[in-house]
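J.: Take this structure, written in structure tokens, and hold onto it; I'll ask about it next.
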Amino acid sequence: MDLRTTVTRAATGVGALALVLGAAACTGGDDEQPTAAPTQTATTSEAAPQPSDGGGDVTDEDLTAAADRFIEFLQAMDDGDWDAACTHVLDPETGTAPEGERLQLCAERGEAVMGEYGDVLQPGTFDDVDSSMVIAQEAGDDTLALSVAGEPMDIPMVRGDDGQWYLSIPF
């Protein structure tokens, strides 16, 4: 299986994570979670995130930082380090990464959900994912849309109160 197929299958697993966690959300309601506009597909031949269209306060550096954080998230998932993966998910109660019981809840749900996708998420799946494969673009409503190896992700990123970019996945 080639890298593109592996990444596409893994991206499907990540998308499933978002859907399942969203269905089991305990964050208090949809009004706390921003929604993403439709994503735009990017190709792997694009070596850097697309420039900002000037529609907000998002800079090219923000787009790069968001893509890098998403890669960190994928690598933490790949390593089975659910606590680390959850530090890349926004806790709407705090506006930053979850801590304490909320971190534990996120990690437990992530591990349980992704355990069902063991055939997709094998150790080392994301080892070769680099910044040329992940594209972040403005999606409106203060969110960023992501694509991995040209496959759009249905997981928006939002800026936390600490200025970091986080995945908007209810848990």
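J.: What ranking, highest mean first, results for peptides 65-76, 104-115 when packing means the other Cβ atoms within 10 Å averaged over each residue?
T.: Ranked by mean Cβ neighbours within 10 Å, highest first: 65-76, 104-115.
J.: Using the Karplus curve 6.51 cos²θ - 1.76 cosθ + 1.60 with θ = phi - 60°, work out ³J(HN,Hα) for each residue of region 86-98 in order, rounded to whole Hz, and write x for Gly and Pro.
T.: 6, 6, 9, 10, 6, 8, x, 6, 10, x, 9, 5, x
J.: Could you tell me the accessible area of residue 162 in Å² (1.4 Å probe, neighbours in place), rounded to the nearest ten?
T.: Its accessible surface works out to 80 Å², give or take rounding.
J.: Next up: Whose amide H sits under 5 Å from the amide H of residue 96, counting only residues 5 or more places off or on another chain, with H placed in the peptide plane?
T.: Distant-sequence amide H within range of residue 96: 91, 161.
The values are calculated or read from the model by the stated rules, or taken from the named source; none is laboratory data. Predicted, not measured: the structure shown is a model, and the values here were computed from it. Backbone-built Cβ (ideal geometry, glycine too); neighbour counts: all protein chains shown. Note: accessible area is taken over every heavy atom of the protein model, side chains too, but ligands, DNA and RNA are not part of it. Shrake-Rupley method; radii C 1.70, N 1.55, O 1.52, S 1.80 Å.
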